[in-house]
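To keep things clear, I will list the structure first and then write my remarks on it.
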Amino acid sequence: MQKSDKGDNQLFKQISTRLERLSKLDAHNPNKNLDEEFHKKGIDRRDFMKWASAMTATLALPASFAPLTAKAAEIANRLPVIWLHMAECTGCSESLLRTEDPSIDSIIFDYINLEYHETIMAAAGYQAEQNLENAINKHKGNYILMVEGGIPQGTEYFLTIGAEGDTGAEKCRHAAEGAAAIFAIGTCSSFGGVQAAYPNPSNAKPLSKIINKPIINVPGCPPSEKNIVGNVMYFIMFGTLPALDAYNRPTWAYGHRIHDLCERRGHFDAGEFVQQFGDQNAQNGYCLYKMGCKGPYTFNNCSKLRFNSHTSWPIQAGHGCIGCSEPNFWDTMSPFEEPIGNKMFHTAYDGIGADKTANTIGTVILAATAVGIAAHAVVSSLVKNKDEQ
Amino acid sequence: MTKRIVVDPITRIEGHLRIEVIVDENNVIQDAFSSSTLFRGLETIIKNRDPRDAGFIAQRICGVCTYSHYKAGITAVENALGITPPLNALLVRSLMNIALFLHDHVVHFYTLHGLDWCDITSALKADPAKAAKIAFKYTDYPLAVGEDELKAVQKRVTDFVKQGALGPFNNGYWGHKTYHFSPEQNLIVLSHYLKLLEIQREAAKMTAIFGAKQPHPQSLTVGGVTSVMDILDPSRLAEWKFKFEKVKDFVDRAYYPDLVMAGIIFKDEQSVTKGCGLRNFIAYEEILLAKDKNLLSTGVVLNGDLSKVHPIDENLIKEEVTHSWYQYENTKEIELQPYDGQTNPKYTGFKEGQSIGPEGKPINTKLLDLKGKYSWIKSPRYNGVPMEVGPLASVVVGLASKNPYITEVATKFLKDTGLPLEALFSTLGRTAARCIEAKVIVDNGLKTLDSLIENLKSDKQTCAPYVIDKDKEYKGRYIGQVPRGMLSHWVRIKNGVVENYQAVVPSTWNAGPRDAKGQKGPYEMSLIGTKVADITKPLEIIRTIHSFDPCIACSVHMMDVKGNKIGEYKVDPAFARI
């Protein structure tokens, strides 16, 4: 306990120093006062602190860090963001647009300087291209680059952008040069995504195969709005990359399996399973493992944070997890409505785990699942015996 | 002396789109070319997989019309297997569809299209008190345009502009000659633009209530829906209803009045009223209100002739690739029906040439090869002719088939704006039609919820059983109306896996290049004849293109060559970039 407190103190100090340093940078909006801005938008300080506390918890920091989160949001406008679209469906951008708690979209609107984002920006054509060049030059070494979508490699002509027909890969390499931090937003940018699924007709690759700089992967199809915004907050506070797992995913968001905090976990442990979509067990909210849920194999915080401001998430809606934040999930987790336990184990992780020790995890998961299923069998046979009596 | 204008990227759309036009000495567009510059190949990926997974992959065609392709993929498989989901499932799918239609339409008008009509820098000069009064000219109950609210909006944006950090508003075509709203009217639209950011979240939650999340909901399964607990929970039904009312309020008090205002103010702006060139429309029924009763209508209208509505013959839907970066092999047909379609990439790249640069002077640049192939989008044709799809088609077909819901709102819109019926066949009409469709949906959408509640009293079924027999062959399709127009997915199943899959999507119909006969698609036709006021700031071009609500990742797709083994797929080195 004492040791942990000491660690927290150090961290608190580290973040404070970092924020102190950041706040001395030239402001993009030097005359802005956050309190006034919030007031104008009908957000009072209390709401904002509530949001900061929620975000602090999301980042797995102690509650005492909330004032630092708030401070980080206040100076966030100093960090310009460039967002590039590659081979994708724009779902990640759409997810970003849904952020709330409270009105996080207006916080982003005002406090992150979104220099380039094709879905939102007013400019088009040459004017849009100028915006990108200006941002890269003006903010060299200071901007965050976010990339959405997979990128064709070798077959780069499958994606061109701009009057000169530059390829998507060229745009990424160019923008990456001066970036302070690079985020691969979504499973496509992190791992290649749906277009990279077998047989990958456009030879789509993850961002990490296109550029040679450290990348933070924020997978999910799409990632929840919290995971996109939370990572920006992390960077602002720490000024470093967050702790990452073997797939470069921040452990604060992807440190636990869906299964660990699932609302239906009790039913799994009790051996109570949905046998068919729409059956009585489905109406009772039993475990979806036998309907193909990939929660035991998937590292993400959906079971804790859900989607669309906590409205729901796949398991609440009665469908199993499809494992969308795992590498190659389109190939390794399918068929999505059949349990993976029915297949050979090595298909799940392609022989490797989600962290360095995880090639044993899968076995543990399967063992646990077997326990759940065995429990179910025992309960079923008891019921059956009872019926027979 | 003609000049070429290149606009790439077209922003505020989904996907990657390039438009090139040729203008004469008076800057009037003589010819236009629409090109998608991204290829992904999702239909090839669906092949050889479990048919139950098809909907999940097809959904990733697009994260904007995220639910449309999910529903289409699931329904196509159901159609192939010959099963019909229980009424509860159909009605819940319809509730999710209502949510998506409303979400898409309001987001499109404000976030994606609004800045083509509204000059935000002009709004800074407005008198908020005057603006608050003007808002009452277009509705008795205006939303988010009280004097105090407008003052706050104006101050917020003024500060933004003063500090020189315009972010997403940087470098827009502000001050352009074809912006016509007064400063006060611009301020009204700007206030609604900001309000919409909140409303769109609510609309997305409507989908998430029964769908788990939005984008990419996850509660449909072949045979029905999985969110049975939410369906049987009255508090969830009420949650949906409450959010529906909130969005309806926005449509009634902001969106519809703003479109009436635009109709009145822009009625003399030639670049939005000059007519859409191509006047063939195709639309399909959708939005289930009750068993076997749909809100939107099916049919074909040719040459803008509203006196006749033709029934749709599915076999007449075909695609060709004369000017697309694909080639057909082992067939003499130049157009193929989707069940038998094929798509083999054949990239031929750009040509060197001259266009108007950002300074207004000719520069050497890359250009589309106008005589050859120039887009990753195919050219769908109905009975050999190009068709426009989308809300305008839905309204036109609705009027021609005397659909009472559509007729009522469309007639009211024409009366409120003083526009003639003919005005619908234009950029302005296309943008208005989206609002008319949204209004039709908010006026009637609760009927679907009522039907569900009524049915739940005696029926709790949410899934139909089915078997996929590995020894049998199946084929089936989904055809329906989605926010961007008529969508169809086509599937063949053999040996228990998907043998063939193809989607013919709204933006393929609208954004495709010309065909072998030289017939141009709706994007291209709609631009011809438009005068561009400033060739370095082609606002007229992006405004007309945005009126279609382009969704380009949707429209780029491919199928495997017939008989080509998937494991042997290769990219031909001859495709090497030029």
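Can you tell me which residue among B:Asn500, B:Asn510 is modelled with pLDDT under 95 and not hydroxyl-bearing (Ser, Thr, Tyr)?
B:Asn500
Would you pick out the residues in the range A:139-155 that are of a type outside the set (S, T, N, Q), in contact (Cβ under 8 Å) with a residue 40 or more places away in the chain and under 19 Å from A:Ile112 (Cβ atoms)?
A:His139, A:Tyr143, A:Ile144, A:Leu145, A:Met146, A:Val147, A:Glu148 - these are the residues of the range A:139-155 that are of a type outside the set (S, T, N, Q), in contact (Cβ under 8 Å) with a residue 40 or more places away in the chain and under 19 Å from A:Ile112 (Cβ atoms).
Out of the residues in the range B:196-209 that are of a type in the set (A, V, I, L, M, F, W, C) and either outside any helix (DSSP H, G or I) or more than 7 Å from chain A (Cβ to nearest Cβ) (or both), which is nearest to B:Asp249 (Cα to Cα)?
B:Ile199
Hey, can you tell me all the residues within the range B:371-405 that are open to solvent by 40 Å² or more (accessible area, probe 1.4 Å) and either among the small types (Gly, Ala, Ser) or within 21 Å of B:Thr322 (Cβ to Cβ) (or both)?
Residues satisfying the conditions are B:Lys371, B:Asn383, B:Val385, B:Ser401.
I'm trying to understand the selection: among the residues of the range B:305-322, which are of a type outside the set (Asp, Glu) and touching a residue at least 24 places away in the same chain (Cβ under 8 Å)?
Once the filter is applied, which keeps residues that are of a type outside the set (Asp, Glu) and touching a residue at least 24 places away in the same chain (Cβ under 8 Å), the range B:305-322 yields B:Leu306, B:Ser307, B:Lys308, B:Val309, B:Ile312, B:Leu316, B:Ile317, B:Lys318, B:Val321, B:Thr322.
Residues of the range B:450-466 being closer than 11 Å to B:Ala290 by Cβ and either modelled with pLDDT under 95 or among the aliphatic types (A, V, I, L, M) (or both), which ones?
Result: B:Leu452, single match.
Inspect all residues belonging to the range B:211-227 and state whether any of them is farther than 12 Å from B:Arg93 by Cβ, more than 7 Å from every other protein chain (Cβ to nearest Cβ), without any contact (Cβ under 8 Å) to a residue 60 or more places away in the chain and in a loop (DSSP other than H, G, I, E, B).
no
Might you check whether a residue that is in contact with a Phe, Trp or Tyr (Cβ under 8 Å, 6 or more places away or on another chain) and farther than 24 Å from B:Thr207 by Cα occurs anywhere in the range B:432-446?
yes
Would you call B:Tyr138 more than 12 Å from chain A (Cβ to nearest Cβ) and in contact with a Phe, Trp or Tyr (Cβ under 9 Å, 6 or more places away or on another chain)?
yes
Residues checked against (1) closer than 22 Å to B:Thr111 by Cα; (2) assigned to a helix (DSSP H, G or I); (3) facing chain B (nearest Cβ under 7 Å):
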position	(1), (2), (3)
A:Gln127	yes, yes, yes
A:Ile144	no, no, no
A:Ala163	no, no, yes
A:Ala169	no, yes, no
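Return the only residue of A:Tyr126, A:Tyr111, A:Tyr116, A:Tyr143 being of a type in the set (Phe, Trp, Tyr) and modelled with pLDDT of 95 or more.
Unique residue meeting the criteria: A:Tyr126.
If A:Leu96 satisfies all but one of (1) modelled with pLDDT under 75; (2) closer than 30 Å to B:Cys62 by Cβ, what's the number of the condition it fails?
(1) is the only condition that A:Leu96 fails.
Of all residues in the range A:200-241 being assigned to a helix (DSSP H, G or I) and under 17 Å from A:Glu170 (Cβ atoms), which is farthest from the other protein chains (Cβ to nearest Cβ)?
A:Ser208
Can you tell me which residue within the range B:228-241, out of those that are of a type outside the set (D, E, K, R), more than 8 Å from every other protein chain (Cβ to nearest Cβ) and in contact (Cβ under 8 Å) with a residue 60 or more places away in the chain, is surrounded by the fewest Cβ atoms within 10 Å (Cβ to Cβ)?
By that ranking, first place goes to B:Leu237.
Here's a check for you: in the range A:146-161, which residue that is surrounded by fewer than 22 Cβ atoms within 10 Å (Cβ to Cβ) and more than 7 Å from chain B (Cβ to nearest Cβ) is farthest from the chain's Cα centre (by Cα)?
A:Gly154
The values are calculated or read from the model by the stated rules, or taken from the named source; none is laboratory data. Note that the coordinates shown come from a computational prediction; the quantities given were computed from them, not determined experimentally. Every residue, glycine among them, receives a Cβ derived from its backbone with ideal geometry; neighbour counts consider all protein chains shown. Ligands, DNA and RNA are excluded from the accessible area calculation, which covers all protein heavy atoms including side chains. Shrake-Rupley method; radii C 1.70, N 1.55, O 1.52, S 1.80 Å.
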